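The values are calculated or read from the model by the stated rules, or taken from the named source; none is laboratory data. Just so it is clear, the structure is predicted and the values come from calculations on it, not from any experiment. Here the Cβ positions follow ideal geometry from the backbone for every residue, glycine too, while neighbour counts run over all protein chains shown.
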Amino acid sequence: MKAQRLHSQREPMRRPPSFTKLLQLSVAWLSLLILWVAVHPGLAQTSTVTVTMVTDQAGLGDQGFNDLAWAGLQKATAELGVEAKYIESREFAQYVPNLSAAARSSDLTVGVGFLLTDAIAEVAKQNPERKFALIDAVAEEGIDNIASVVFREQEASFLAGVAAGLMTQTGKVGAIGGMEIPPVVRWISGFQAGVKTANPEAEVLVGYVGSFADPAQGKGLAEAQITQGADILFEVGGLSGTGVFEAARERGAGTWVIASDKDKSQLAPDNQLAAVAKGVDVAVFSQAEAVAKGTFQGGIFDLGLKEKGMALLTPGDKIPAPILEQVQAYAVQIESGALVPPTTAEELAAFQPPQ
């Protein structure tokens, strides 16, 4: 029996598409992609701008400066799609490593507070391709990748001093700062000048906690000033300032606090007289927006009453209208340049109230 040869049926070989046809298909797909991007421009953006803020020693939850900075970043997330991160610092030694870590993974690194001035300069020099923002201080000259945002705190705190000078019933008011550094000195110098202008006979008691993160010491200083007769206290202490509110709340009616940075009436609703608002949130948002839009520039940004970077807030309407009218008159003089509040102890000593 002869063996049979088996023949398998093979499909005819398909010829690969020609190069011309592949090119035509590629062009067609590219045209569709371009049309889709034109209709959905927002969806085509795949890269997200990352902004990381590094706090000073008070950290988040300070009811003021750091919380305001974080609020600015949260707004940038909501409105610009920015990815916001933060790193909390608890001591000076952490500033450089924290800023370095932020710079490695961020399009913009924000140093929050005067205390980070030297550290951010050091890190920015080491990372010239990265962008940085320093809030509340001016970085070393010649570092082009740092935007330094400073405020004329003395302008709005002068207005608070006028209100305090006109409202005190004891002839004594107090001012409590966190640390005796230039921004805090500007706050308190302006306040003292405002009191002096409105009530030359009034006495201003001044004390410094030595930290922005010590509410107990802030409370102790407040209690000491209240015992000496102060009925209005101006706090510029970060987290330490919450102790000032606690002291006023425990003392009760007739003891007032003027808050720094923002409205803090939730800490003592019946005892906050006013708040000197500082646009830290606006400054941080603006720098994040500049990076997101590709318009970031290093340099100095100086904000005061005229630029809406500072303001006196009166939630609860605890200051009578006639006094507010006088306060507003001084605000007009400051904005026009006719009145220049002092920024240092030396300028305060030479300051002459306007006639």
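Observations on the model:
- Wholly enclosed strands (runs of 3 or more DSSP E) of the range 271-355 bearing at least 1 residues surrounded by fewer than 16 Cβ atoms within 10 Å (Cβ to Cβ): 299-303
- Any hit, the range 40-54, residues being modelled with pLDDT of 60 or more, under 30 Å from Gly243 (Cα atoms) and not aliphatic (A, V, I, L, M): yes
- Options Gln287, Gln272, Gln266; residue that is farther than 22 Å from Gly171 by Cα and in the same structural domain as Ala222 (by TED's automatic domain parsing): Gln266
- A count restricted to the range 205-229 and to residues that are in contact (Cβ under 8 Å) with a residue 40 or more places away in the chain, crowded, with 21+ Cβ neighbours inside 10 Å and within 27 Å of the chain's Cα centre (by Cα) stands at 4.
- Just one of the listed residues (Asp281, Asp302, Asp317) is more than 14 Å from the chain's Cα centre (by Cα) and not aliphatic (A, V, I, L, M), namely Asp317.
- Apart from one condition, Ile188 fits all of (1) among the hydrophobic types (A, V, I, L, M, F, W, C); (2) under 26 Å from Asp281 (Cβ atoms); (3) surrounded by fewer than 24 Cβ atoms within 10 Å (Cβ to Cβ); the exception is (3).
- Pairs are defined by a Cβ separation below 8 Å, a sequence spacing of at least 6 or placement on different chains, a first member in the range 230-254 that is touching a residue at least 12 places away in the same chain (Cβ under 8 Å), and a second member that is acidic (Asp, Glu) and in a strand (DSSP E or B); the pairs so defined are Gly241/Glu235; Val244/Glu235; Phe245/Glu235.
- Contact map, the range 271-293: residues that are of a type in the set (Asp, Glu) paired with residues that are buried (at least 21 other Cβ atoms within 10 Å of the Cβ) and part of a helix (DSSP H, G or I), Cβ distance under 6 Å, separation 6+ or inter-chain. Pairs shown: Asp281/Leu68; Asp281/Gly72.
- The number of residues in the range 64-93 that are assigned to a loop (DSSP other than H, G, I, E, B) and within 12 Å of the chain's Cα centre (by Cα) comes to 1.
- Test: residue in the range 240-258 that is under 30 Å from Glu141 (Cβ atoms) and in contact with a helix residue (DSSP H, G or I) (Cβ under 7 Å, 6 or more places away or on another chain): no
- Summed over the range 129-151, residues that are crowded, with 22+ Cβ neighbours inside 10 Å and either in the same structural domain as Ala331 (by TED's automatic domain parsing) or part of a strand (DSSP E or B) (or both) total 10.
Yes or no, residue by residue, for (1) among the β-branched types (Val, Ile, Thr); (2) in contact (Cβ under 8 Å) with a residue 60 or more places away in the chain; (3) buried (at least 17 other Cβ atoms within 10 Å of the Cβ); (4) in the same structural domain as Ala290 (by TED's automatic domain parsing):
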| site | (1), (2), (3), (4) |
| --- | --- |
| Lys75 | no, yes, yes, yes |
| Val82 | yes, yes, yes, yes |
| Glu91 | no, no, no, yes |
| Tyr95 | no, no, yes, yes |
| Ser105 | no, no, no, yes |
| Leu108 | no, yes, yes, yes |
| Gly111 | no, no, yes, yes |
| Phe114 | no, yes, yes, yes |
| Asp118 | no, no, no, yes |
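- Looking only at the range 120-145, residues that are within 16 Å of the chain's Cα centre (by Cα) and of a type in the set (Lys, Arg) come to 0 in all.
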